[in-house]
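S.K.: This is the structure I want to talk about, given as structure tokens.
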Amino acid sequence: MQKLSLNNNQTCQKKNLLTSLIWVGDGVNIDSGKIRKIIIFALPLIMFFWIGNKISFAYRTVTVVGDISVKAYPFIDNLGNAVTNPLPSLHPYDVLIGAIVAGIAKLVIEYKKKHKKKFAEDKEYGSARWGNEKDIAPYYDKQNQSDNIILTQSERLTMNKAKSPKYERNKNVIVYGGSGSGKTRFYVKPNLMQMHSSYVVTDPKGTIINDCGKLLQRGKPIYQKGDIIGYQPYEIKIFNTIDFKKSMHYNPFAYIRPETREQDILRTVEVLIANTTGEQKGGDEFWVKAEKLLYTSYIALILTMCPENEWNFETLIDFVNASECREDDDSFKNAIDWAFYYLEKWIEKDWNKDEQFEEQNENYADLVDIDVEPWRASLGRFAVRQYKAYKLAAGKTAKSILISCATRLAPFSIDSILEITSYDEMQLDTIGDRLTALFIVVSDTDATFNFLVAIMYSQLFNLLCTKADKTPKGRLKYPVRCLIDEFANIKQIPDFEKIIAVIRSRGISASIILQTKSQLKSLYKDNAETIEGNCDSELFLGGKEKTTLKDISDNLGKETIYMFNTSRTRGTQESYGVNYQKLGKELMSRDEISVMDNSQCVLQIRGLHPFLSYKYDITKHKNYKYLFDYDDKNYFDVERYVKRKHNHTAELRKSTKYTEFQTVDERK
């Protein structure tokens with residue numbers, strides 16, 4: 001490859017040339033856009049130069065002597081002959097006149113351009129209109145319909161890379177729809193049937209898994225030369241906060257990663273506090289901060305000193321219950337005080353030569369001869385610093401803090417909760433490595449255990465983003481779509497407004513499904529608009545909440561319409577009059593949106609005109625026949641599936657390499 005090398009002076013001169021040339025092999029690459037602009041600018045000037053040149057030539061070649069009236073007819077004859085020759089005259093006089101005419105034309109054009117009045121015909125009060133098939137065509141994959149996100153009956157978004165960067169949109173979708181508008185039927189189920197990603201689905205009442213479980217268990221079709229040669233089944237995981245007998249195990253402590261233990265502990269505590277705290281008043285802030293210190297120090301102590309099978313909430317509750325305080329005896333040490341006392345001695349190697357252990361502390365004697373691992377030393381120091389900050393509280397205050405902690409952890413006193421969080425089966429960090437469908441069943445009437453769901457989502461996003469960042473392309477192997485139905489019921493995911501802004505590049509997307517906009521504002525306050533702004537697609541399925549209707553109507557914009565008035569004057573001579581005028585009208589007013597047909601919906605995609613479309617007809621999907629909706633034999637028995645998972649241990653053959661664990665029952 002060779003490039004034209006130019007010195008500074010030549011470079012300045014070349015900026016005004018037609019285009020810059022780059023030699024590539026035997027060809028030349030030319031900036032066609034710049035050429036087009038130059039041609040559009042120069043063509044009128046060339047035309048005026050040619051006209052001036054021909055007029056000058058015709059007048060100059062008149063041989064008759066006399067005034068203008070005498071020369072008129074010969075001039076016209078000469079002009080007719082001159083224009084038959086497309087080439088201009090090269091006589092200096094003719095060239096000069098042509099240049100003068102072109103120069104005057106340029107001045108006139110520039111003046112007109114500068115003082116041009118701007119007219120927006122039929123757009124004076126707004127240019128809003130409904131989108132059409134031509135508008136949405138570049139944004140979805142026509143060849144492979146299974147690789148699209150289904151939004152409406154006629155609108156979709158491709159999951160693949162767009163043909164051009166200008167057609168790129170993030171895959172975050174916010175869906176609004178009142179009760180009975182069909183959020184599950186018209187949005188969640190159609191997108192699950194696409195089977196182009198791993199899915200994390202919030203399932204109110206636990207009906208989606210019953211309907212779609214068989215389809216996902218069957219798996220994604222594998223094509224070869226247009227024929228199906230097999231299926232790639234989904235790994236189905238279920239976390240059920242309504243009926244724990246139908247749930248797999250989830251232990252938040254299992255996702256405290258070795259490389260970021262301290263940060264993960266702080267994040268877990270933050271989520272726990274944020275989602276188990278009611279409406280706070282200013283005076284409560286002290287107690288919340290004190291609780292954070294205690295939880296943080298205890299969790300760090302558990303990870304440092306306890307065996308891995310005790311890294312769970314049951315151990316945390318035992319620690320809180322063992323934290324006895326005596327208001328009248330500041331020198332009293334409970335079992336946890338002794339644990340931190342010997343932890344500090346162990347990690348700092350600060351043992352006395354004749355260290356004595358009381359009978360209740362004899363189990364710590366073995367630490368004297370055990371070398372502390374670097375990570376335990378680091379995490380232990382973190383635990384000790386947090387605990388010392390908590391111990392600054394006087395006995396009465398410390399007792400109040402412990403009571404607050406015990407109250408907050410009250411849900412974990414239920415045996416079923418302790419059992420379900422005792423170990424982990426979710427493997428959240430592998431959802432992007434293989435086709436997985438995680439169903440999170442939540443109650444739409446009781447939010448007691450929904451803080452566990454918020455913790456799960458917070459850990460999920462952080463784990464997947466970290467994993468994607470470690471890959472060469474910075475993306476997960478399989479895209480992960482989070483279909484978060486009844487988003488307002490799972491309480492608050494900390495920093496969600498930041499998370500949703502950065503997950504796109506990692507191959508992760510979120511579909512936030514709500515009944516009204518006020519739900520989002522109530523939960524995330526000032527951050528609600530940030531969350532909404534990071535969703536390129538907004539789908540309204542119907543409703544009557546005033547704030548939602550007003551915002552949607554405002555976002556649709558106004559169109560310019562014609563209005564005419566008729567007048568009639570009666571008298572001795574009757575007269576009629578018709579008056580036309582333009583005015584602006586909402587593309588769809590609030591009252592029109594509120595009475596919209598239940599089969600219709602409004603879709604808005606960033607950068608496109610809005611669409612008034614029909615909701616997706618689920619019965620038209622090629623995979624509908626595999627749903628429980630279609631045939632009762634497609635019912636997915638969750639309880640049976642979970643029992644089978646619990647009763648069969650995973651096995652891995654030493655002689656065979658597997659990408660995932662396979663149970664005995666599955667191999668048979």
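Residue by residue, here is whether (1) open to solvent by less than 20 Å² (accessible area, probe 1.4 Å); (2) over 18 Å from the mean Cα position of the chain (by Cα) holds:
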{"position": "Ala501", "(1), (2)": "no, no"}
{"position": "Ile531", "(1), (2)": "yes, no"}
{"position": "Thr569", "(1), (2)": "no, yes"}
{"position": "Gln581", "(1), (2)": "no, yes"}
{"position": "Glu586", "(1), (2)": "no, yes"}
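S.K.: It is to be established whether one or more residues within the range 623-630 are open to solvent by less than 50 Å² (accessible area, probe 1.4 Å) and either at pLDDT below 90 or not hydroxyl-bearing (Ser, Thr, Tyr) (or both).
M.R.: The answer is yes; a qualifying residue exists.
S.K.: When the range 192-213 is examined, which residues are found to be open to solvent by 10 Å² or more (accessible area, probe 1.4 Å), in a helix (DSSP H, G or I) and not acidic (Asp, Glu)?
M.R.: Gln194, Asn210 - these are the residues of the range 192-213 that are open to solvent by 10 Å² or more (accessible area, probe 1.4 Å), in a helix (DSSP H, G or I) and not acidic (Asp, Glu).
S.K.: Within the range 388-443, can you find the residues that are open to solvent by 70 Å² or more (accessible area, probe 1.4 Å) and acidic (Asp, Glu)?
M.R.: Asp415, Glu419
S.K.: Of everything in the range 398-419, what is touching a residue at least 12 places away in the same chain (Cβ under 8 Å) and more than 18 Å from Tyr295 (Cα to Cα)? Give them in sequence order.
M.R.: Matches in the range 398-419: Ser416, Ile417, Glu419.
S.K.: Those residues that are part of a loop (DSSP other than H, G, I, E, B) and touching a Gly at 6+ places or on another chain (Cβ under 8 Å), I need them from the range 291-327; list them, please.
M.R.: Once the filter is applied, which keeps residues that are part of a loop (DSSP other than H, G, I, E, B) and touching a Gly at 6+ places or on another chain (Cβ under 8 Å), the range 291-327 yields Cys325, Arg326, Glu327.
S.K.: For the range 473-484, does any single residue satisfy the condition of being of a type in the set (A, V, I, L, M, F, W, C), more than 20 Å from Thr277 (Cβ to Cβ) and out of contact with any strand residue (DSSP E or B) (no Cβ under 6 Å at 6 or more places or on another chain)?
M.R.: So far as the range 473-484 goes, yes, one or more of its residues are of a type in the set (A, V, I, L, M, F, W, C), more than 20 Å from Thr277 (Cβ to Cβ) and out of contact with any strand residue (DSSP E or B) (no Cβ under 6 Å at 6 or more places or on another chain).
S.K.: So, one more: List every residue pair whose Cβ atoms lie under 6 Å apart, where the two residues are 6 or more positions apart in sequence or sit on different chains, the first residue falls within the range 631-654 and is acidic (Asp, Glu), and the second residue, located anywhere, is at pLDDT 60 or above.
M.R.: Final answer for the pair search is Glu639/Lys246.
S.K.: Kindly list the number of the only condition in (1) part of a loop (DSSP other than H, G, I, E, B); (2) among the basic types (Lys, Arg); (3) more than 30 Å from Thr436 (Cβ to Cβ) that fails for Lys161.
M.R.: Of (1) part of a loop (DSSP other than H, G, I, E, B); (2) among the basic types (Lys, Arg); (3) more than 30 Å from Thr436 (Cβ to Cβ), only one is false for Lys161: (3).
Quick grid of which residues meet (1) within 28 Å of Ile109 (Cα to Cα); (2) small (Gly, Ala, Ser); (3) at pLDDT 80 or above:
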| residue | (1), (2), (3) |
| --- | --- |
| Ile46 | yes, no, yes |
| Trp50 | yes, no, yes |
| Val62 | no, no, yes |
| Val65 | no, no, no |
| Lys71 | no, no, no |
| Gly80 | yes, yes, yes |
| Asn85 | yes, no, yes |
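S.K.: So, one more: Taking strands (runs of 3 or more DSSP E) that fall entirely within the range 214-265, which contain at least 1 residues that are buried (at least 21 other Cβ atoms within 10 Å of the Cβ)?
M.R.: 235-240
S.K.: Next question. Could you list all residues from the range 73-123 that are part of a helix (DSSP H, G or I), closer than 22 Å to Val62 by Cβ and in contact with a Phe, Trp or Tyr (Cβ under 6 Å, 6 or more places away or on another chain)?
M.R.: Residues satisfying the conditions are Phe75, Ala82, Asp94, Gly98, Val101.
S.K.: May I ask you to verify whether Glu545 is in contact (Cβ under 8 Å) with a residue 40 or more places away in the chain and out of contact with any strand residue (DSSP E or B) (no Cβ under 7 Å at 6 or more places or on another chain)?
M.R.: Here the answer is yes, as Glu545 does meet what is asked.
S.K.: Working only within the range 547-567, note down all residues that are exposed (fewer than 13 other Cβ atoms within 10 Å of the Cβ) and modelled with pLDDT of 85 or more.
M.R.: Hits for the range 547-567 are Thr547, Asp554.
S.K.: Which of the residues that make up the range 125-141 are small (Gly, Ala, Ser) and either surrounded by fewer than 17 Cβ atoms within 10 Å (Cβ to Cβ) or modelled with pLDDT under 90 (or both)?
M.R.: Gly126, Ser127, Ala128, Ala137 - these are the residues of the range 125-141 that are small (Gly, Ala, Ser) and either surrounded by fewer than 17 Cβ atoms within 10 Å (Cβ to Cβ) or modelled with pLDDT under 90 (or both).
S.K.: Identify, by number, the condition in (1) of a type outside the set (A, V, I, L, M); (2) more than 18 Å from His621 (Cα to Cα); (3) open to solvent by less than 60 Å² (accessible area, probe 1.4 Å) that Lys189 doesn't meet.
M.R.: Against the list (1) of a type outside the set (A, V, I, L, M); (2) more than 18 Å from His621 (Cα to Cα); (3) open to solvent by less than 60 Å² (accessible area, probe 1.4 Å), Lys189 comes up short only on (2).
S.K.: Here is a list of conditions, (1) without any contact (Cβ under 8 Å) to a residue 24 or more places away in the chain; (2) among the aliphatic types (A, V, I, L, M); (3) in a loop (DSSP other than H, G, I, E, B), and Val288 meets all of them except one; can you say which number that is?
M.R.: So the condition that Val288 fails would be (3).
S.K.: Looking at the range 347-375, I want the residues that are closer than 26 Å to Glu262 by Cβ and have a partner that is among the small types (Gly, Ala, Ser) with Cβ atoms under 6 Å, at least 6 apart or on another chain. Which pairs are those?
M.R.: That search, which allows pairs on different chains as well, returns Ile347/Ala377; Ile347/Gly380.
S.K.: While we're here: Going by the conditions given, is Asp330 outside any loop (DSSP other than H, G, I, E, B), charged (D, E, K, R) and open to solvent by 20 Å² or more (accessible area, probe 1.4 Å)?
M.R.: So Asp330 does not fit the description; no.
S.K.: Can you name the residue in the range 291-322 that is closer than 21 Å to Pro411 by Cβ and in contact with an Asp or Glu (Cβ under 8 Å, 6 or more places away or on another chain) and, of all such residues, is surrounded by the fewest Cβ atoms within 10 Å (Cβ to Cβ)?
M.R.: For the range 291-322, the residue satisfying everything is Lys292.
The values are calculated or read from the model by the stated rules, or taken from the named source; none is laboratory data. Nothing here was measured: the structure is a model prediction, and the numbers come from that model. Every residue, glycine among them, receives a Cβ derived from its backbone with ideal geometry; neighbour counts consider all protein chains shown. Accessible surface is based on the protein model in full, side chains and every heavy atom, while ligands, DNA and RNA are left aside. Shrake-Rupley method; radii C 1.70, N 1.55, O 1.52, S 1.80 Å.
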